[in-house]
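Colleague: Mind looking over this structure? Questions follow.
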Amino acid sequence: MKKIRVLVVDDTSVMRKIVSEVVDRDPEMETAGVAANGRIALQRVNQVSPDVITLDMEMPEMDGIEMVRELRKTHPKIPVIMLSALTVKGAEATFDALQAGASDYVAKPARSIGVPATLAQLQRELLPKIRHFFPRKKEAVAVAPVRRAPAVPRKRQPIEVVALATSTGGPNALAKVFEQLKEPLAVPVVIVQHMPPIFTRTLAERLDACSVMSVHEGEDGQVLQAGHAYVAPGGYHMTVKKEGVRHVIRLNQDPPENSCRPAADALFRSVAECYGASALAVVMTGMGRDGFLGTREICDQGGLALAQDQASSVVWGMPSFLAKEGLAESVLPLDRIADEISKRVNGALKLW
């Protein structure tokens, strides 16, 4: 079996050595080459023809963001995984890199944790992300499977909340959806994007700046309001609880689900309990299956679900489960999701 060839780009020899060692430990991968900055890396791409690139942010001569922009002019499909510092500056740079064309990112281990811990962290977090871009077998999935009958018969009732889940490729997908909304939705939107602390606040700020919706990082005790969107904070599960006539955000640090905290399943379960048939679940690009079980609970209560299609997803993992199991009312390209949500929420489209 052909090995996945990885080009390692980092300005420090220590990190180049560590990332290369992590890659070479995996029997399915090998280091194709190394580079100390973006300019050298662009030359190496043509010399070694890598399958994937790991890329540091801050480098001399040409940094990671500039390199991604240049790379995408000639190599639009090579997966690029950024190594990002867990700081406000690192979060901003990560979003800029994703916008420029990077495929995903992992948190760069702190230097203080030592080499053995750094190796273990990268092996745990980087290798699965590399592997996910190269599935061993592509499974054909029907775009419009037979709809599964809900446990609770559907009634014609308006949507009162939109619950949205994304992971790999999610920041750009969310930006696209929020940019395309022509008017604020008449309901609240609750969002899980798999990201660490700091990054989720930056994501909320960026979505707020590009959208007619008001977007916030969710806070414990916050009352959900129509026309507002709430991003689950990194490191916390976000749930919705009905308190009197209000729906309130509650945060907890229960164990991760699907190796994630925040997890979409935790949020979606609470949405199913609070809103029942009045909920709309939307699952977009991302690896894994987080959001599937929660969406099933929403649909079992008579709610609706939409999924992003394979062609427009960076990784068609999370939304694929909705398609394969017949949960999704529609499987849509990214550029149609905002309009579909608006129609469902605002009643311009008959629900059934």
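Only the coordinates and a few stated rules stand behind these numbers; no lab work does. In this text, all values refer to a predicted model and were calculated from it rather than measured experimentally. Heads up, the Cβs are rebuilt from the backbone with ideal geometry, glycines too, and the neighbour counts pull from every protein chain shown.
Colleague: Which order do peptides 108-118, 171-181 fall in by mean Cβ count within 10 Å, highest first? Could the numbers behind the result be given before it?
Modeller: On the way: 108-118: 13.5, 171-181: 20.0.
In decreasing order of mean packing, 108-118, 171-181 become 171-181, 108-118.
Colleague: Still on this structure: Residue by residue, what Karplus-based ³J(HN,Hα) values in Hz, rounded to whole numbers, does the range 33-45 have, using 6.51, -1.76 and 1.60 with θ = phi - 60° and x for Gly and Pro?
Modeller: For the range 33-45, the Karplus curve yields x, 9, 8, 8, 7, x, 5, 5, 4, 4, 5, 5, 4 Hz.
Colleague: Where does the chain land on Rg(C-alpha)/(2.2 N^0.38 Å)? Could you put the intermediate results ahead of the total?
Modeller: Values: Rg = 20.6 Å, N = 352, 2.2 N^0.38 = 20.4 Å.
Against the compact-globule rule of thumb, the ratio is 1.01.
Colleague: List every residue whose amide H lies under 5 Å from the amide H of ALA229, counting only residues 5 or more places away in sequence or on a different chain, with H placed 1.01 Å from N in the peptide plane.
Modeller: The list, which skips near neighbours in sequence, is VAL189, SER214, VAL215, HIS216.
Colleague: Now a separate question. Considering only DSSP beta bridges where both residues belong to the chain, give the percentage that are antiparallel (nearest 5).
Modeller: Details: 9 of 52 bridges.
Approximately 15 percent, going by the DSSP bridge assignments.
Colleague: Based on Cα coordinates alone, diagonalise the gyration tensor for the range 184-259, multiply each eigenvalue by 5, take square roots, and list the semi-axes in whole Å, largest first.
Modeller: Working: eigenvalues 74, 62, 14 Å².
They are 19, 18, 8 Å, listed largest first.
Colleague: Here's a follow-up. Order the peptides 281-294, 211-224 from the highest to the lowest mean number of other Cβ atoms within 10 Å of their residues. Please report the intermediate quantities before stating the final value.
Modeller: Numbers: 281-294: 25.9, 211-224: 16.8.
Top of the packing list down: 281-294, 211-224.
Colleague: Angle between the Cα long axis of helix 88-100 and the longest principal axis of the chain, 0 to 90 degrees, nearest 10?
Modeller: 90
Colleague: By how many degrees, between 0 and 90 and to the nearest 10, does the Cα long axis of helix 264-275 differ from the longest principal axis of the chain?
Modeller: 10
Colleague: Would you mind getting me the FRET efficiency between LYS73 and LYS17? Use the beta-carbon distance for r and R0 = 35 Å, nearest 0.05. Don't skip to the answer; put the middle values down first.
Modeller: Working: r = 30 Å, r/R0 = 0.86.
Given R0 = 35 Å and the Cβ-Cβ separation, E is 0.70.
Colleague: Follow-up. Taking Cα atoms, how many degrees apart are the long axis of helix 115-132 and the longest axis of the chain, rounded to 10 and kept between 0 and 90?
Modeller: 60
Colleague: Taking a ≥ b ≥ c as the square roots of the Cα gyration tensor eigenvalues, with a/c under 1.5 meaning rounded and otherwise prolate when a/b beats b/c, else oblate, which class fits the range 161-346? Walk me through the numbers before you get to the answer.
Modeller: Numbers: a/c = 1.16, a/b = 1.11, b/c = 1.04.
Judged from the Cα gyration tensor, the range 161-346 comes out rounded (a/c under 1.5).
Colleague: Follow-up. The range 13-90: which trypsin sites (Lys or Arg not before Pro) are DSSP loop and have at most 10 other beta-carbon atoms within 10 angstrom? Working shown, then result.
Modeller: Values: sites: ARG16, LYS17, ARG25, ARG39, ARG44, ARG69, ARG72, LYS73, LYS77, LYS89; in loops: LYS77.
Here the trypsin sites (Lys or Arg not before Pro) that fit, given the DSSP loop and packing criteria, are LYS77.
Colleague: Could you give me the ³J(HN,Hα) list for the range 78-83, computed from phi with Karplus coefficients 6.51, -1.76, 1.60 and θ = phi - 60°, whole Hz, x at Gly and Pro?
Modeller: Taking θ as phi minus 60°, the curve returns 5, x, 10, 10, 7, 9 Hz for the range 78-83.
Colleague: Under the rule of at least 5 residues apart or a separate chain, name every residue whose amide H is placed under 5 Å from the amide H of LEU164.
Modeller: So LEU164 has HN proximity to VAL190, ILE191, VAL192, VAL282.
Colleague: Just for the range 161-346, what percent of DSSP beta bridges are antiparallel, to the closest 5? List each step's numbers first, then the result.
Modeller: Details: 9 of 34 bridges.
Around 25 percent of the beta bridges assigned by DSSP in the range 161-346 are antiparallel ones.
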